[in-house]
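A.B. asks: This is the structure I have questions about; it appears just below.
Values quoted throughout were computed directly from the atomic coordinates according to the rules given, and no laboratory measurement underlies them. Predicted, not measured: the structure shown is a model, and the values here were computed from it. Cβ: placed from backbone, ideal geometry, glycine included. Neighbour counts: every protein chain shown.
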Amino acid sequence: MNNAVLTLLIAPYIGAVLAYVLGKTKRELAFWVAEVVGFILFLASLVLFFKYSDTVIDIDYTWIALGNIQIPFGIYIDHLSIVMLLVATGLGFLDIHFAHDYMGDDPDQPRYYAKVLFFIGGMILLVITKDLIGAFVGWEFMGLASYLLISFWYYKNSAADAGMQAFLYTRFGDIFILAAIALLFFYAGTVNLVELNQMANAGQLDKTLALVVALFIFMGAIGKSGQFPLYPWLMNAMEGPTTVSALIHGATMVNSGIYIVARLFDFFAYTDALFIVANVAALSAFIGATSALVQKEIKKILAYSTMSHLSIAFVGLGVGSLAAGMLHLVNHAIFKALLFLSAGAVIYIAHHTKDAWKLGGLIKTAPWVALFMAMGSLSLAGVPPFSGYFSKEMVVAAAWEWGNGFTKTFVTIAALLSIAYITRLWILIFLGEPRNEDLKGSVHHPSNLWMRLPLGILAFLTLFISIWQCDIVHYIVGEDVIEPHVAGLAAFMLTGMLIIFLIVVGLYVKGLNLLYKIASHHFVQTIHQVLFNGYYVEAMITWISKNIIVGAIAKSMRWFDTYVIDYIVNKTVDMTKFVYNIFKAGHSGKIGTYMGQFVLGVAIIVIAILIIVKGL
Amino acid sequence: MSFIILIAAGLLVPIFYRNNIVIAKIIAVLAFILAAYFVFKGESLNSIFPYFVADDATKLMEFVLLATLAAVSLALTGFERPLISQMLFLAGASLAFLETNNFFMFIVLFEVIAIISYILVANIRNFYNAEGAIKAFIAGAVASGIILLGFALFSFTTDSFIYSEMNVSGKFTLIAEAIMLAGIFYKLTVVPMHGWAADAYSQVNHAAAAILSGVIKSVVLFATFKAFYKFLIAYPLATVLIFSFFAILTMTLANFMALWQKRISKILAYSSIAHSGYALIPFAAAASVYSYAGILYYAVAYIFMQTSVFLLLNDLRRELGVKYLDDIKGLYKKAPLHSLLFTIQLFSLAGIPLLAGFLSKAVAFYAGVDAGLWIIVLIALLNSALAVGYYVWIIKHIYFDEPKNNGEVIQMSTGSMIGQLILLAGTIYFGIVAGDIMNATISF
């Protein structure tokens, strides 16, 4: 196997163990192990990018083969994988680097870095594997890492609950993926991602089966990428360290749902499941964007915007433009990592204050962070020449050209609203006067090397990657891309954004009093409540699971379990004791008894043989 | 070449082990590594002696055996030192035993290994050791007699002792086979020839028990399959009947016995007997193309996990005086590393996935299904479920019970640690990668 591939496969896990073990002896070592391993992984991805962009790495390996049962575990690295690898390892490395200060005071650093490396390993496995089995393993590794990292501060109840919630929500989606794998295994005879696309292109798959499988896989993607209705976990996941939110819940893991759809794009296209993808995603984009407008916590605003932007990428895929979807995925990963890390820097500066309404005026103390965050915000808002503009424009254009009315309306609204919530966030953090007594005293100052440098790199990237937008599209999809073009759309979007921008600036900089007046109206308050609680989807899911699943189904099963199953199980103890007592008679500990049994055994064999021989 | 190196080292080691155990261990490990190297080169015995051939599967088994014995010799200390030299002899004899393609040699080497095992258990320190040793010896003597009886009968009916050229037709051959098997079942501790083992494994020194129950049993299992393969194929009805019957009897009885034991070593002894029962399934399924893979996988997986648990128990008894289940309550506080390793290997014995114990059972049982022995496999599966009961019971004592008294935290010695890591690596590697064994047995 290729050295770079082997490194990518194994190094994260070795690194995780080393970081933990060495970190236990000396705490700083954990960081350095993680930093070095992160860098090596990024280098390995770069090597693949430079050396294997012309050819596809395709390694077939069968994990277990027993007759007809074969469990394959192949490696398949094409351009799509390499782009995902670069995103995962590059952002992973910067994130680890950033954590040096952000997590600097935490006594549990070895645990933190071990988990982060383990996560990166899972992500790598997902994007380079050839079969759904490997993808599922990677998928679950990430799910586990995500759970462990959300509840990193496990002694806080809210964090432990959030981790549990994330685990349950995503696991609910994963069950469907497992079912999809089983269906494919038995009916299609393959779980090979490449082969599935080929079979779809050749029309060899049963359409109904393929549709069910595609929808099941999409259910998994909904869970992982925080789409309607399985998104509430993503918001609560913000209980984890901000560096974790940046890496896992902003830039990489949440992309895996999009990746798996993109990887099986031909398969999805063949089944018409893309129609459903587009509509669910458009709805999620709308929910995310509107809910982000009213959140208080910095990280929750970013989380809802993540949901909204992932949906925008999904819409790109859903309306049939792989190029638009993947381009937005890459751009979003970069600017969202930037925004989350900037938020991390702000939280670090402000002594772990997370409520945006308690911040303010930070532009004086942290001008650089303000600048970098502004660049990320502009990219997210979709302002040219930042990279976000190009991909968002492309998705919206694709939706207008190929999508139905529902999709295009909702995705356009979501795309326009991004400037509103992100401008609001930036103004609340950086302008005006500090709304918190703590901030007037001394604040932490971000160090150049550990905080400003990664932010600067990401800000630089989100601006300058615009130059290569066409190249990225061609690299992922190939040369013959049909680019959607809708006349006048750009002008319409930019005008709309400008108007919204002016309204937000007007309200939050000059007209706070007007804002309070509007907000105190009953009707507005109701809407505010609905949006603030994410359309009460979480409450609804909780209600259903509590009253119907736990209250009715689980309770009746428990009764059956307690009074029927347990009774039988308890009786088995008596049964084994009874059998034991019979058998025990033969174990006297006397050699004579044993030899007697020995002879008995010989006699059994010989008599049996004699009977058989007689029959011969 | 490997044979000569091992025997030479076995003669050399006694000079050192009294004064400087480190040198003895180094010599032993070097000898094991060199032997493995020559096995790899294909120059173990076949380049020097006739009647020895090594196919891929045999080589794999030999590597595993040498690695395990190296691990055991590293872990030994104190009065167990003489075992180092005995293990080198055992390794030499085992290599020959595994590689031979001659039935006469098979019988002779079987006796050689039996004798080495008597010497192993003769390391007597107290009354219990003596009792165990005597039981092993007497049962072994009777079994030897029976094997020789069968072999004598067999030698009248065949023209050649080469496995592939043996004449296996005729009623007398079948009777001869049955009598020989009865003797060999003793070494494999098949019920009802198991009585001695339940006592001996738990009474003799645990390090010797590790070798007896782990190493020697695996070796005998694999070599017997090769030697008897032609018989098994020639009489399908007798094969299926005899082996299925004894497989079911063995695993069921041993599992029920293990459930109610209080002595840990006794639980492990019965667990070892139960595993013999599972290992008979590939014999019964000899007609399947997967039977060879099944038996090799079982031998390989079993050698790692069984050896490891007994060695760990040996450490625990020496350091903490652990004997009964009550003694290991809350053990993880006193011996965290021991507890972790013990747990992993017990999980492997129970057949938890991603550990060798699971894949070995999967492959062996698959062979059974392939040969159409659904019912036996089903019973074996139920038995495995039953067995989880007592493995988890031990783990429950280790992790979930409060310790009786708070002693000091004990450390694992370096040698023991390296040895355990080798065994752990084997358990995990063969639990994840099945390709090696499947490929090695393809040509059979």
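A.B. asks: Work through the residues other than B:N406 whose Cβ is under 13 Å from its Cβ and net out their charges, Lys, Arg +1 and Asp, Glu -1. Present the calculation step by step, with values, prior to reporting the outcome.
C.D. replies: Details: positive: B:K329, B:K333, B:K334, B:K404; negative: B:E402, B:E408.
Charge balance in the 13 Å sphere: +2.
A.B. asks: Taking chain B as the reference, fit the longest principal axis to its C-alpha atoms, fit the long axis of helix B:374-400 to the helix C-alpha atoms, and give the angle between the two in degrees, 0 to 90, nearest 10.
C.D. replies: It is inclined by approximately 20 degrees.
A.B. asks: Residue by residue through B:383-391, how many Cβ atoms from other chains fall within 10 Å of the Cβ on average? If you can, show how the numbers build up before the last one.
C.D. replies: Working: counts 0, 0, 0, 2, 0, 0, 3, 1, 0.
Per residue, the average neighbour count from other chains is 1.
A.B. asks: Could you sort the peptides B:256-267, A:200-211 by per-residue average Cβ neighbour count (10 Å cutoff), highest mean leading? Intermediate values should be presented prior to the final figure.
C.D. replies: Working: B:256-267: 20.8, A:200-211: 14.3.
Output ranking for B:256-267, A:200-211: B:256-267, A:200-211.
A.B. asks: What list of ³J(HN,Hα) couplings, whole Hz, do you get for segment B:90-103 from phi and the Karplus terms 6.51, -1.76, 1.60, once you set θ to phi - 60° and write x for glycine and proline?
C.D. replies: 4, 4, x, 5, 5, 4, 4, 4, 6, 8, 5, 10, 10, 5
A.B. asks: Grab the other residues whose beta carbon is less than 14 angstrom from that of B:A254, score K and R as +1, D and E as -1, and report the net.
C.D. replies: Numbers: positive: A:K584, B:K217, B:K266; negative: B:D199.
Local charge sum for B:A254: +2.
A.B. asks: Mind pulling the angle between the C-alpha long axis of helix A:405-430 and the longest principal axis of chain A? Nearest 10 degrees, somewhere in 0 to 90.
C.D. replies: It works out to around 70 degrees.
A.B. asks: If I take the Cα coordinates of segment B:1-149 and project them onto the principal axes, what are the three extents in Å, biggest first?
C.D. replies: 44, 44, 22
A.B. asks: When only Cα pairs under 8 Å and 6 or more residues apart are kept, what is the percent relative contact order across segment B:2-441? Display every interim value, and only then the final one.
C.D. replies: Numbers: 722 pairs, mean separation 71.8, N = 440.
Rounded, it is 16 percent for segment B:2-441.
A.B. asks: When all alpha-carbon pairs of segment B:2-441 are counted, what percent fall beyond 37 Å? Please report the intermediate quantities before stating the final value.
C.D. replies: Working: 16951 of 96580 pairs.
Cα-Cα pairs of segment B:2-441 separated by over 37 Å account for 18 percent.
A.B. asks: So, one more: ³J(HN,Hα) across segment A:344-350 via Karplus (A = 6.51, B = -1.76, C = 1.60, θ = phi - 60°), whole Hz, x for Gly/Pro?
C.D. replies: Those phi angles translate into x, 4, 4, 5, 5, 5, 8 Hz.
A.B. asks: Could I ask something else about it? What residues have an amide H closer than 5 Å to that of A:E297, excluding those fewer than 5 places away on the same chain, when H is modeled at 1.01 Å from N in the peptide plane?
C.D. replies: A:A356
A.B. asks: Mind grabbing the base-10 log of I(q)/I(0) for segment A:130-214 at q = 0.12 Å⁻¹? Debye formula, identical points on the C-alpha positions, no solvent, two decimal places.
C.D. replies: Treating every Cα as an identical point scatterer, log10 I(q)/I(0) equals -0.47.
A.B. asks: Also: So what is log10(I(q)/I(0)) for segment A:248-290 at q = 0.24 1/Å, when the Debye sum runs over its Cα atoms only?
C.D. replies: -0.92
A.B. asks: What does the average come to when, for each residue of peptide B:253-262, you count the partner chain Cβ atoms lying within 10 Å of its Cβ? Write out the running numbers ahead of the final one.
C.D. replies: Numbers: counts 6, 1, 3, 10, 7, 1, 5, 8, 1, 0.
Averaged over the peptide's residues, the number is 4.
A.B. asks: Turning to a different aspect of this structure: Largest first and in whole Å, give the semi-axes of chain A's equivalent ellipsoid, each being the square root of 5 times a Cα gyration tensor eigenvalue. Present the calculation step by step, with values, prior to reporting the outcome.
C.D. replies: On the way: eigenvalues 480, 177, 140 Å².
Calculated on Cα positions only, the semi-axes equal 49, 30, 26 Å.
A.B. asks: Cβ neighbours within 10 Å, averaged per peptide: list A:361-371, A:526-536 in order, most packed at the top. Write out the running numbers ahead of the final one.
C.D. replies: On the way: A:361-371: 17.8, A:526-536: 15.3.
So the peptides A:361-371, A:526-536, ranked by packing, come out A:361-371, A:526-536.
A.B. asks: Once the other residues with Cβ under 14 Å from the Cβ of B:G78 are scored (Lys, Arg +1; Asp, Glu -1), what is the net sum?
C.D. replies: Working: positive: B:R18, B:K25, B:R81, B:R125, B:R317, B:R318; negative: B:E80, B:D315, B:E319.
In short, +3.
A.B. asks: Where the centroid of each part is defined by its Cα atoms, how far is segment B:410-433 from segment A:206-236 in Å?
C.D. replies: Each part reduced to its Cα centre gives a spacing of 42 Å.
A.B. asks: Taking every residue in A:580-590, how many Cβ atoms of other protein chains lie within 10 Å of its Cβ, on average?
C.D. replies: 4
A.B. asks: Order these by the 10 Å Cβ neighbour count, fewest first: A:M373, A:M557.
C.D. replies: So the ranking, lowest neighbour count to highest, is A:M557, A:M373.
A.B. asks: Taking the convex hull of the alpha carbon atoms in the protein assembly as shown, what volume per residue do you get, in Å³? Write down the numbers at each step before the final one.
C.D. replies: Working: hull volume 205.0 nm³, N = 1060.
It is 193 Å³ per residue.
A.B. asks: Shifting gears a bit: What percentages make up the Cα-Cα pair-distance distribution of segment B:284-371 when the bins are 10 Å wide from 0?
C.D. replies: 18, 37, 24, 14, 6
A.B. asks: For A:T129, list long-range residues whose amide hydrogen, built 1.01 Å from N in the peptide plane, is under 5 Å from its own amide hydrogen.
C.D. replies: Those lying under 5 Å, H to H, from A:T129 are A:Y76.
A.B. asks: Quick one: which residues, 5+ away or cross-chain, put their amide H under 5 Å from the amide H of A:T62? H built at 1.01 Å from N.
C.D. replies: Residues meeting the amide H criterion: A:F73.
A.B. asks: In addition: Which of B:S47, B:S94 has the fewest other C-beta atoms within 10 Å, and how do the rest follow up to the most?
C.D. replies: Least crowded to most crowded, the residues run B:S47, B:S94.
A.B. asks: Fewest first, what order do A:T542, B:T414, B:T189, B:T252 take by the number of other Cβ atoms within 10 Å? Intermediate results must be reported in sequence, preceding the final value.
C.D. replies: Details: A:T542 13, B:T414 9, B:T189 29, B:T252 20.
Ascending number of Cβ neighbours within 10 Å: B:T414, A:T542, B:T252, B:T189.
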